[in-house]
Each structure stands twice: as structure tokens, then as C-alpha cells.
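Please treat every number below as a calculation from the coordinates, not as lab data. Not measured: the values here are computed from a predicted model. As a convention, Cβ positions derive from the backbone with ideal geometry for all residues, glycine included, and neighbour counts pool all protein chains shown.
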Amino acid sequence: MMRIGSRRGNAMVELALSVSVILPLFLGTFQFGYTFYVYNMLLTQVRGGARYASLRQFKAQNAASISAYKLAVRNMVRYSTPDGIGQLIVPSLDDADVIVKILDKDGHDADSTHAPATVSLTINDYALNAAVATVTFNQKPYLEFPYVGRYAPSESEP
């Protein structure tokens, strides 16, 4: 006959063994899911910003007007509004993380002498602090749209 006292620690040992397998599995699943969720938000915001940039009037009389254009596009990516008012859509996405390029047909920066042909947006050096590790997005997501907005080389932003 087996003594009942010899089984007292079995449940504790089984729990310790199963938790050591299940906990990393749950943390890894959370890490992957949260990273994928934030990447999907980034992709949606970059797509909306690129669409906005491809349709927005490009006033290119001076460097300040071009900077104002790029700032409005970055604000669309970060806040979903061109004026930058509101709450960040993607957590801790800095203005410097959003790269906006507007290029002519030969790949030169668009200005008052180079008519825009394409607009590209990318996220660079965005660090996402999740549960277990930090994931850095470099050059992803990236989107390029043809520029179809009104080109105004002799106008400037107010």
C-alpha cells in the first residue's frame, strides 16, 4: 500500500514545470501580436499620409513652403490631421521617424524648378518597446504614390 504523504508535492512540481513552458509561450504570443498590431497601424497611417501627400497642393516657391508641405504630411501620419492637433495614433512615433520625399521624374527633390512626380513615405528608426524585447522598424513600412495634386511653383505657404 502507498502512503498518501508521499504525493504532497506533486502538484507543485507539475505546476512549476508547466508554467516554465506556458509563460514564455504566452509572452512570445503577446510580443508577436502587439508588434503585428503596431505595424498594421503604422502601415495604415503611412498609406493615409501617402494618399494625402499625393493629392495635396505642392506650393514650391521657397524652402519654407516645401518644409510646411512635408510637416503636414508627417502630421497626417502621426495624428491623422495635417495641423498636428490631437493624440498620436501610433504610440511614441516621433516626427523624425517619418521620412517624406517628393521627387521629380528623374529622382531629384521637387522644388520650384522640378515638378513632383512621386511621393514616398517610410518609417525609419522607430523603436517599439513591447513585453519582452524592443523591435525597431527601419525603412518599413514604405509606400510610394504618384503625385497627382496641383503643382504651384510660384506660390508659397502662408
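Under 10 Å, Cα contacts only: if you run a Gaussian network model on the chain, which one of T118, T134, T35 comes out with the highest mean-square fluctuation? Highest fluctuation among the options: T134. Placing dummy labels 7 Å off each Cα toward the beta-carbon, the span from V13 to D104 is 7.8 nm.
Where a Cα-Cα gap under 24 Å defines reach, which lysines qualify for K140, not counting those fewer than 8 residues away within the same chain? Straight-distance partners of K140: K70, K101, K105. Free of any trypsin sites (Lys or Arg not before Pro) that DSSP assigns to a loop and that have at most 12 other C-beta atoms within 10 Å, the longest stretch within the chain is 9-104. Once the gyration tensor of the Cα atoms in segment 67-158 is diagonalised, the equivalent ellipsoid follows with semi-axes of 28, 16, 9 Å, ordered largest first. For segment 92-158, the relative contact order works out to 28 percent when only alpha carbon pairs closer than 8 Å and six or more residues apart are counted. Here the Karplus relation 6.51 cos²θ - 1.76 cosθ + 1.60, evaluated at θ = phi - 60°, turns the backbone of segment 134-143 into coupling constants of 9, 10, 10, 9, 10, 6, 9, x, 10, 9 Hz, with x for every Gly and Pro. Of the residues T122, T29, T136, the one that moves most in a GNM of the chain with alpha-carbon contacts below 10 Å is T29.
Only DSSP H runs of four or more residues enter the estimate; each adds -39500 (n - 2.57), and after division by the residues of the chain the mean residue ellipticity at 222 nm equals -14500 deg cm²/dmol. Phi angles across segment 83-93 convert, under the Karplus curve 6.51 cos²θ - 1.76 cosθ + 1.60 with θ = phi - 60°, into 3J(HN,Hα) values of 8, x, 9, x, 9, 4, 7, 9, x, 6, 7 Hz, Gly and Pro given as x.
Computing FRET efficiency as 1/(1 + (r/R0)^6) for A152 and N129, where r is the C-beta to C-beta distance and R0 is 35 Å, gives about 0.25.
What does the convex hull of the Cα atoms of the chain come to per residue, in Å³, rounded to a whole number?
Numbers: hull volume 19.1 nm³, N = 158.
Taking the convex hull of the Cα positions in the chain, it is 121 Å³ per residue.
Here the relative contact order of the chain, from alpha carbon pairs under 8 Å that lie six or more residues apart, stands at 27 percent.
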